[in-house]
Amino acid sequence: MAYKPANEIQDLQYFGEFGGVNPSISDSSTYTFLSAKTMFDTFEGNADGCYLYSRHSTPSNLYLGEALAAMEGTETANVSASGMGAITPTLMQLCQQGDHIVSSRTIYGGTYAFLKNFAPKFGISTSFVDITNIDAVAAAITKDTKVLYCESVSNPLLEIADLEALSALSRKHNLTLVVDNTFSPLSITPTAHGADIVIHSLTKFINGSSDTVGGVVCGSQEFIDQLRNVNDGASMLLGPTMDSLRAASVLKNLRTLHIRMKQHSHNALFLAQKFEADGLRTVYPGLASHPSHAVFNRMMNPDYGYGGMLTIDVGSLDKANALMELMQERNLGYLAVSLGFYKTLFSAPGSSTSSEIPEEEQAAMGLTDGLIRFSIGLDDDIARTYRMMRACMESLGILDAQPQNAIATS
Ligand SMILES: *Cc1c(COP(=O)(O)O)cnc(C)c1O
């Protein structure tokens, strides 16, 4: 039977202090101890279930972490104030001075900037590779390599990491495979394909309401304990802690993630097929033309589809900008970065979310000027959305006007 990670979230049961159907929200920065000895033990890391101070953990954060760990099939998880607040402590915890990381070259702009510009200040170097070329990944590994880093579905080019092949390589060289699964929650379960640590920006699909930033690291109890260690844990010492009120609110949104992902995926597949048939260069993992369509099929939990992200290339930045402005004017979505909202969001990655990546490197990885990245919304009538988007493209000369009878039958 197909794996359904949403069941793992559904099966968790925790009541509020007074029997509320939602757990009570912890509203304290610090916690009392009945005995001084227990306080000492907690600082030493040996008093399970005791709370110390809210930068370390809180009941609300643990509830959310438990649900996300269940979804990703890891022993436990640590939530953080943002996705970057999950990524940077993880890499700082796994690496020390002199260590080396092999990373996909098509990753979130902030992660790229961290690895390229910030981590070298601490003697941590990174080789950026085409993650779909396993030989190139293998060739980049050195005796100092500690981490293999990728996104299961990459930002913004929607390349698919073959996690089974990467994990085999990672095991062979004794590396830690860290996978950012922000673009494909529920659709792909990276630990089922050998990932050691799974990260999400909760800001996107998981929270889904574009009202906060948040992040999570899902991993072994041992690794999460290391991150939270009061003496040398990067999450504890760098301090990217999520607030309890926010953790409670993200947990409530997480419960509808499976319904939302199905609708995002359904709508995105519909539009991708139409755009491709119209002759637009369209990238979507659910299209047979996607170079890693078969890899995605092999890894996916089919119930949740191919996700809500797609890109089209309309030829130039000017045309991309004009189209995005017109679509916004006609209320088809918002010209905004980020993803996972109920409305469609669109942006031109080359001049926005991936602008950290130098122009010649953008060109090398196929990040063209006319590229528009869409996060497709939850529209109830996606056929109407398509007709209205098509009309925008026709009025800007991106597509030729269709003969009337063709419109009637499409
Ligand atoms: C947004 C994003 C991040 C960063 O998350 P924040 O919550 O903005 O800090 C990391 N990875 C991916 C793939 C993202 O889309």
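For region 179-252, the orientation-averaged shadow of the C-alpha convex hull comes to 5.5 nm² (one quarter of the hull surface). Computed per residue of the chain from DSSP H runs no shorter than four, each worth -39500 (n - 2.57), the mean residue ellipticity at 222 nm is -10500 deg cm²/dmol. According to the square roots a ≥ b ≥ c of the eigenvalues of the Cα gyration tensor, what is the shape class of region 348-397, taking rounded for a/c under 1.5, prolate for a/b larger than b/c otherwise, and oblate for the remainder? Prolate is the answer for region 348-397, as a/c is 1.5 or above and a/b outweighs b/c.
In order along region 181-189, phi translates into HN-Hα couplings of 9, 4, 7, 9, x, 6, 4, 10, 10 Hz, rounded to whole numbers, per the Karplus curve 6.51 cos²θ - 1.76 cosθ + 1.60 with θ = phi - 60° and x for Gly and Pro. On a per residue basis, the convex hull of the C-alpha atoms belonging to region 125-184 measures out at 79 Å³. For the chain, the relative contact order comes to 16 percent (Cα pairs under 8 Å, sequence separation of at least 6). Working note: Karplus 6.51/-1.76/1.60 with θ = phi - 60° gives region 210-221 the couplings 6, 10, 7, 9, x, x, 8, 10, 9, x, 6, 4 Hz, where Gly and Pro are set to x.
Between helix 382-395 and the chain there is an angle of about 60 degrees, using the helix long axis and the longest principal axis of the Cα atoms. Using 0.36 nm per residue and subtracting the Cα-Cα separation, the extra length available between Glu360 and Lys143 on full extension is 75.2 nm.
Please identify which residues in region 332-359 have an amide N closer than 11 Å to a label point set 7 Å out from the Cα of Arg387, following the Cα→Cβ vector. Under cut-off, by backbone N: nothing. The slack between Ser28 and Arg255, meaning 0.36 nm per residue of separation minus the straight C-alpha distance, is 79.2 nm. Of Leu62, Leu371, Leu186, the residue with the greatest mean-square motion in the GNM of the chain, using alpha carbon springs below 10 Å, is Leu62. Straight-line cross-link partners of Lys204 among the lysines, defined as a Cα under 23 Å from its Cα and at least 8 positions apart when in the same chain: Lys4, Lys252, Lys262, Lys343.
For the chain, the longest principal axis of the alpha carbon atoms and the long axis of helix 257-277 meet at an angle near 30°. Measuring from centroid to centroid over Cα atoms, what is the spacing of region 152-183 and region 48-79 in Å? So the two Cα centres are separated by 24 Å. Label positions at Ile134 and Val337, each projected 7 Å from the Cα along the C-beta direction, are separated by 3.4 nm. Roughly how many whole Å is it from the C-alpha centroid of region 184-199 to that of region 225-286? One Cα centre to the other: 12 Å. The rule of thumb for compact globular proteins, 2.2 N^0.38 Å, goes into the C-alpha radius of gyration of the chain 1.02 times. Quick one: net charge of Thr111's neighbours, Cβ under 10 Å, K/R +1, D/E -1? Net of charged neighbours comes to -2. Compared with the dominant Cα axis of the chain, that is its longest principal axis, helix 163-172 is turned about 40°.
Can you tell me how region 154-297 classifies by the Cα gyration tensor, rounded, prolate or oblate, using a/c under 1.5 as the rounded cut? Oblate is the answer for region 154-297, as a/c is 1.5 or above yet b/c matches or exceeds a/b.
Extension gain, Asp232-Leu326: 0.36 nm per intervening residue step, less the Cα-Cα distance, totals 28.7 nm.
Any read-out appearing in this document is the output of simple, stated calculations on the displayed coordinates, not a laboratory observation. Source: prediction; values computed, not measured. Cβ atoms come from the backbone with ideal geometry, glycine included; neighbour counts cover every protein chain shown.
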